[in-house]
Amino acid sequence: MTESSGPVCWTVQRICTCKGFLSEKEFSLYLHIPFCFEKCDYCDFYSVPVKKSGEQWDSLADRYIETLLLETKRRLIPYGSSFHIPSIYIGGGNPALLGASGISRLLNGLLQLIDASPREITIEANPETITQSFLHSCSDSGITRLSLGLQSFDESIRKASGRQGTITMQQLYQAAKVFGRCLSFDLISGLPGQDEKLLLRDIEKAISLEPGHISLYALTLEPGTPLAQRYRSCEDTADRLWLLGRDALIKAGYKQYEISNFALAPAYQCIHNVRYWTMKNWIGIGPSASGTIIHNDGTGCRFTYPPNLDAFLSTASLDGTPAAVLHEELDKMTMLKETFLMGYRCKEGPDPGLFSMRFGKTIQETIPKTLAKWQNNKENTIMNFLNNFLLDVFLEVENNRV
């Protein structure tokens, strides 16, 4: 996103003692479940392919859940008993591979570490791996929101994208029955072989299940992924398909509240992700997970676990020593830029109260020239032309620093 301007080091203690770490007592939790059957060709998230069968898998899953809970407990120790967690997000990989019993153990363990249940607990899953027992275990354990990575219903498109498994409508009906409107679908535009007709059919099928939330992402060919090596997408075509999909979602009553996210009503927006975009504190745990704590003086600190399952399992040991993390001190200019970068992804923009508290000025006082330049444009122009807007923002704040 933006450059880090502070020291970077691997450490087991700095995250617990860095300046201001205890000044913010409200933060969200992200827990990374790195397991999947096979890595999809477009995915650049950290994941570890596993075979979900036999004693070896059972032992690995049990050990990972135990380590994740131990590490979570250690990260919470500096806060004592005085903290608030408004949201938990369990992502991956494919958390559904933990199964019904694994999810139950994980959630029961988590909720014992905090005083009150979060307002929102989201879990991701690949729809081809969900079962009725998994769905009911999620609901019974306190999961309030299910996010399913559909990407596309069309099997030929999924196969061309290296996506494994087959989606059945029966699985999705079961998910809708358990979670109702608190169900979210992920779709991607610009996949190999996709045209207007196929994208609109995907959107129509998704809408027919009446989820409260749909995410529509334009395909990004991440360097080094198998899909990027064999498929050349046309950016103009991908953008055209995404715009077509956006218009279809809006016409169906889904309101665009962030560049790629649409909800039937504010109650169905993803609280956890909104906290990311408005630069509120979060702690991430698990291999490749990161966290960011922003201080009241506008500076911050970020920590990231190495993307290594073995390292996480071995260094988060039973002796009470937290796992090593990459620690970065973030100066005020870095945090200012990230606040604009993330905040203007949303229709509402950055949180004005937090902005003034952290940076000592209002947004209007900080970028008056940029806002004046864009103020006469139509609604959502900033969100839909974010890169151009941010170029103006960054130029103005850099000039002001000089």
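The values are calculated or read from the model by the stated rules, or taken from the named source; none is laboratory data. Since the model is a prediction, treat every value here as computed from it, not as a measurement. Every residue, glycine as well, gets a Cβ built from its backbone with ideal geometry; the counts of neighbours run over all protein chains shown.
Scanning region 236-247 for residues that are buried (at least 20 other Cβ atoms within 10 Å of the Cβ) and aliphatic (A, V, I, L, M) yields a total of 1. Restricting attention to region 128-141, does a residue exist that is assigned to a loop (DSSP other than H, G, I, E, B) and at positive phi? Checked against the condition, which is being assigned to a loop (DSSP other than H, G, I, E, B) and at positive phi, region 128-141 yields no hits at all. Would you pick out the residues in region 169-223 that are under 23 Å from the mean Cα position of the chain (by Cα), at pLDDT below 95 and not hydrophobic (A, V, I, L, M, F, W, C)? Of everything in region 169-223, those that are under 23 Å from the mean Cα position of the chain (by Cα), at pLDDT below 95 and not hydrophobic (A, V, I, L, M, F, W, C) turn out to be Ser189, Gly190, Tyr217, Thr220, Glu222, Pro223. Among the strands (runs of 3 or more DSSP E) confined to region 259-354, the ones with at least 3 residues that are in the same structural domain as Tyr46 (by TED's automatic domain parsing) are located at 261-263.
Within region 73-103, the set of residues being surrounded by fewer than 20 Cβ atoms within 10 Å (Cβ to Cβ) and under 24 Å from Ser28 (Cβ atoms) comprises Lys73, Arg74, Leu76, Ile77, Pro78, Tyr79, Gly80, Ser81, Ser82, Phe83, His84, Pro86. Looking only at residues in region 368-383 that are modelled with pLDDT of 80 or more and under 28 Å from the mean Cα position of the chain (by Cα), the one that is farthest from Gln256 (Cα to Cα) is Ile382. From Gly360, Gly353, Gly298, Gly343, which residue is free of Cβ contacts under 8 Å to residues at least 60 places away in the same chain, among the small types (Gly, Ala, Ser) and surrounded by fewer than 21 Cβ atoms within 10 Å (Cβ to Cβ)? Just a single option satisfies the conditions, and that option is Gly353. Pairing each residue of region 205-216 that is of a type in the set (S, T, N, Q) with any residue that is at pLDDT 95 or above and assigned to a loop (DSSP other than H, G, I, E, B), provided the two are 6+ apart or on different chains, yields C-beta distances under 6 Å for Ser215/Ser260. Scanning region 110-127 for residues that are in a helix (DSSP H, G or I) and either outside the structural domain of Pro211 (by TED's automatic domain parsing) or surrounded by fewer than 16 Cβ atoms within 10 Å (Cβ to Cβ) (or both) gives Gln112, Leu113. Considering only residues in region 361-377 that are outside any helix (DSSP H, G or I) and in contact with a helix residue (DSSP H, G or I) (Cβ under 7 Å, 6 or more places away or on another chain), the one that is farthest from Asn400 (Cα to Cα) turns out to be Thr362.
Scoring Phe35 on the criteria (1) modelled with pLDDT of 90 or more; (2) farther than 19 Å from Arg105 by Cβ leaves a single failure, condition (2).
Only residues that are assigned to a helix (DSSP H, G or I) and closer than 17 Å to Thr129 by Cα were counted in region 151-193, giving 14. Do we find that Tyr89 is in the same structural domain as Glu124 (by TED's automatic domain parsing), more than 21 Å from Ser133 (Cβ to Cβ), touching a Ser or Thr at 6+ places or on another chain (Cβ under 6 Å) and part of a loop (DSSP other than H, G, I, E, B) in this structure? No.
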